[in-house]
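See structure below.
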Amino acid sequence: MEVHSHEHRHFMPKRPHGLLGLGEAKYKEMYQESINDPAAFWGRIGKTYDWFKPFDDNKVAHSDFHTPDIRWFEGGQTNISYNCLDRHVAAGLGDRPAATFEGDEGEVFPFTYSELLARVSQTANVLRDAGVSKGDRVTLCMPMIPQLMISMLACARIGAVHSVVFAGFSADAVADRIVDAGSSIVITATEGVRGGKTVPIKSIVDNAIIVAEQRGVNVTRVFVTSRNGQAGVEAREGEEGWVSGRDVNMDALAAAASPECEPVAMDAEDPLFLLYTSGSTGKPKGVLHTTAGYMVYAGETFKYIFDHPGPSGAAECSDVHFCTADVGWITGHSYLTYGPLLNGAHSVAFEGVPTYPHPGRFWEIIQKHKVTTFYTAPTALRSLMVHGDEPVLKHDLSSLRVLGTVGEPINPEAWTWYHSVVGKKQLPIVDTWWQTETGGVMITPLPGVTTLMPGSATKPFFGVKPVVLHQDGEVAEANEAGHLTIGQAWPGMMRTIFGDHERFRETYFSQFPGHYTTGDGGRIDEEGNVWIMGRMDDVINVSGHRLGTAEVESALGEHHDVVESAVVGAPHAIKGEGIYCFVTLRAGATPSDELRAALKQTVRKSIGPIASPDAIHFTQELPKTRSGKIMRRILRKIAAGDEEEMGDTSTLADSSVVGRLMKSRQAFA
């Protein structure tokens, strides 16, 4: 992969430092210790959490990337639910806001730490009374309602392994995850509402259970909650689709249960949760995270990246954290649920979409709840850029002090809009890079510490050792592109693929022995900043030149009429592969041959003639998953004109987009 980017802008950190008072010199000192002596570094931090039995100081860290075998905080026993809730209540923070849920139509459901602890304990007692115990896998398929977070924490409280499945998946996709996890218990909701549209979640789950049974996994109990969580409302026996003897009303049972539930002492390496991510073979991978390492890493990354004082300073902290992710994804686990609650923070969750009922919904929520730290996806920002600056400017965003992005590299143009329009050129942007597999953020700026560079995730977090390798395993020089790997273990990393440890070894540790392979391309510049260049399979070989699609997309984004683009390779009779660009324009811009020519010239000027697009396909819609990620394998099929074997499209927000794009496909010039 060759480097053609010419982004060199620097934005110095604002002074004074944030709440933590961490400066660049202190960061460097802490980082070096975390790499040179990870056991001492993480052992000291681990002791700031509550343990039923302390971990062995001589067994803080064990890692073997060849087997692979990763263990942290051995000998210790703890419970993440206890650390998220009980210890804050015991410290006198019970009346502090813990979580606020904003519904699709603006309904608000607030919970203090005491209230959330009581609700979690009631749900845990219901599960325990039904025979759910330590190690059992429980599938959760619910919309973004309070019971989803409550159910996660309840499972963790009694030692059950939660497997959250995004509520927008098809029945087949839900069944795949039930079967792989071997779940006999499901918690779901009658329905969800998203963007004003009702989603029949219970019926989707019912169909998934039928498919799972045909594949040999029997679900024996389905706990059903209503969307508003009120006992006896909506989730009632006798309604259509209700299976007597299997389905039970969670709301009624929880309301009658005791608000006290003793947490189970979990060994440090006991499983905490499964979360499924896409696999290259098409079969989802059950990423397994364990208790103590994930807890410490999620808590510490949230603390430092969002500049929160942690439990010791929570009483005086008025921060409100708004993470727009769905809990069905890892971001919703780590930075909507566990990370904030471990720190005694106030977390805002949102059921709806950013453009309903108007394109200022995010900014309205920020104004309404006085949000101070905001974490969203670049694709959401680009979808809002289409509507111009006015929806942002009409709202009071003066409470904000940290902005963040997650899910994909943010192109410099979206970064600049976020910084200038949303942040008023005053707020730090933490452009975070990480994966479901890593458990928490790996590469990120720290507010008030790191010099910001649009398009770069900048510096590694504590304990993270990024190494860029060439195909032959040799370490790349500064600014040379290659495979981004991680050279040593960190507490939050996954421990295995559920039921398939050999696939875990083969996927992440076989290509470059002794390194965790991320699957992303990247480079590290002279100052140690990490630049993510997209998935290694998102590389186009044009006449022998390997080009990263992310760089072409960034170049297209330099044109003022472009809001978003997706670039893929397609067979070319002369070049081997040609560059096919799907381009979304800003409101008011009109597709034309003149604009195509201008865009090609923009890319040529930014990167060089070798990167000049062979086809530009104007479209206001792209095949995106419900989490907002562009499904590039489908775009590659469309670009190639291959209508056969599109594969699973069940995770698309709108699968009809595929047919429309195929009909309007552009031929190579």
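Would you confirm, using the coordinates I've provided, whether residue 381 is within 21 Å of residue 589 (Cβ to Cβ), crowded, with 20+ Cβ neighbours inside 10 Å and among the aliphatic types (A, V, I, L, M)?
Values: within 21 Å of residue 589 (Cβ to Cβ): yes; crowded, with 20+ Cβ neighbours inside 10 Å: yes; among the aliphatic types (A, V, I, L, M): yes.
Yes.
Select the helices (runs of 4 or more DSSP H) contained entirely in region 557-669, then report the ones holding at least 2 residues which are modelled with pLDDT under 85. Reasoning before the result, please.
Values: elements: 593-606, 632-640, 656-663.
Here the list reads 593-606.
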Picking from 203, 133, which residue would you name as being part of a loop (DSSP other than H, G, I, E, B) and surrounded by fewer than 23 Cβ atoms within 10 Å (Cβ to Cβ)?
133
Filtering strands (runs of 3 or more DSSP E) wholly in region 8-116 for at least 1 residues that are assigned by TED's automatic domain parsing to the domain that holds residue 467 and polar (S, T, N, Q) gives 61-64
Contacts under 6 angstrom Cβ, first residue in region 303-319 being more than 12 Å from residue 346 (Cα to Cα) and charged (D, E, K, R), partner assigned to a loop (DSSP other than H, G, I, E, B) and modelled with pLDDT of 95 or more, 6 or more apart:
303/343
Residue within region 177-189 that is in a helix (DSSP H, G or I), under 30 Å from residue 355 (Cβ atoms), at pLDDT 90 or above and not small (Gly, Ala, Ser) present:
yes
Evaluate the following for residue 112: is it among the polar types (S, T, N, Q), closer than 28 Å to residue 193 by Cα and surrounded by fewer than 21 Cβ atoms within 10 Å (Cβ to Cβ)?
yes
Which of the residues that make up region 86-109 are within 25 Å of residue 222 (Cα to Cα) and surrounded by fewer than 21 Cβ atoms within 10 Å (Cβ to Cβ)?
103, 109
Is it true that some residue in region 622-638 is free of Cβ contacts under 8 Å to residues at least 12 places away in the same chain and loosely packed, with under 15 Cβ neighbours inside 10 Å?
no
Unmet criterion (only one of (1) among the charged types (D, E, K, R); (2) more than 24 Å from residue 50 (Cα to Cα); (3) surrounded by fewer than 21 Cβ atoms within 10 Å (Cβ to Cβ)) for residue 285
(3)
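Which ranges mark the strands (runs of 3 or more DSSP E) fully within region 458-535 that have 3 or more residues being within 20 Å of the chain's Cα centre (by Cα)? Working first, answer last.
Numbers: elements: 466-469, 482-486, 516-524, 530-535.
The strands (runs of 3 or more DSSP E) meeting that bar are 482-486, 516-524, 530-535.
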Which pairs turn up if I take residues in region 26-46 that are farther than 15 Å from residue 300 by Cβ and look for partners that are of a type in the set (A, V, I, L, M, F, W, C) and at pLDDT 95 or above with beta carbon separation below 7 Å, at least 6 apart in sequence or on another chain?
39/60; 39/61
Which residues, taken from region 431-449, are buried (at least 22 other Cβ atoms within 10 Å of the Cβ), assigned to a loop (DSSP other than H, G, I, E, B) and among the polar types (S, T, N, Q)?
432, 444
Only one of (1) under 30 Å from residue 494 (Cα atoms); (2) surrounded by fewer than 20 Cβ atoms within 10 Å (Cβ to Cβ) is not met by residue 407, so which one is it?
(2)
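The values are calculated or read from the model by the stated rules, or taken from the named source; none is laboratory data. Quantities reported herein were computed from a predicted structural model and do not represent experimental measurements. Because the Cβ atoms are built from the backbone with ideal geometry, glycine has one as well, and the counts that use them run over all protein chains shown.
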